[in-house]
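Trainee: Shown below is the structure under consideration.
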Amino acid sequence: MEVNERMKKYRVRQRASGLRLVQLWVPDTRSPVFAAECRRQSALLRGDPAESEALAFIDEAAAWTDDAPR
């Protein structure tokens with residue numbers, strides 16, 4: 001069975017189970033342009049008090065365990 005036929009049958013099964021196909025375009029994180037834009041935006045946030053507060057919150061949330069008091 002060819003790939004096209006297998007994919008067609010797979011999609012029919014997925015639709016029959018109540019799913020629908022959604023395709024998304026996302027940034028190519030392997031691109032040098034993407035990396036440069038990340039560096040540019042990060043530099044803009046360096047020293048920003050709101051960014052420091054957000055990073056502190058993320059650090060605290062990452063350290064949270066299930067047995068911590070709520």
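Trainee: Just to confirm the number: angle between the C-alpha axis of helix 3-16 and the first principal axis of the chain, 0 to 90 degrees, nearest 10?
Mentor: Result, in degrees: 80.
Trainee: Calculated FRET efficiency, residue 45 and residue 20, Cβ-Cβ r, R0 35 Å, to nearest 0.05?
Mentor: It comes to 0.40.
Trainee: Hey, in the GNM for the chain with a 10 angstrom Cα cutoff, which one of 51, 37, 60 fluctuates hardest?
Mentor: Largest GNM mean-square fluctuation: 60.
Trainee: Of 56, 16, 36, which is the most mobile in a GNM of the chain whose springs link Cα atoms less than 10 angstrom apart?
Mentor: 16
Trainee: So what is the orientation-averaged projected area of the chain, using the convex hull of its C-alpha atoms, in nm²?
Mentor: For the chain, averaging the hull's shadow over all directions gives 10.4 nm².
Trainee: Something else: Between 42, 17, 31, where does the largest GNM mean-square fluctuation fall for the chain, given springs only between Cα atoms within less than 10 Å?
Mentor: Of the options given, 17 has the highest mean-square fluctuation.
Trainee: Working out 0.36 nm times the residue gap between residue 7 and residue 31, then minus their Cα-Cα distance, what length gain in nm do you get to one decimal?
Mentor: Additional length available on full extension: 5.7 nm.
Trainee: Something else about it: How far is helix 49-63 tilted, in degrees, relative to the longest principal axis of the Cα atoms in the chain, given as a value from 0 to 90 rounded to the nearest 10?
Mentor: So the helix axis and the longest Cα principal axis differ by about 70 degrees.
Trainee: Angle between the Cα long axis of helix 32-45 and the longest principal axis of the chain, 0 to 90 degrees, nearest 10?
Mentor: 30 degrees
Read the figures in this text as sums done on the coordinates, not as results from a lab. What you are looking at is a predicted structure, and each value in this text was computed from that prediction instead of being measured. Positions of Cβ are generated from backbone atoms using ideal geometry, with glycine treated the same way; all protein chains shown enter the neighbour counts.
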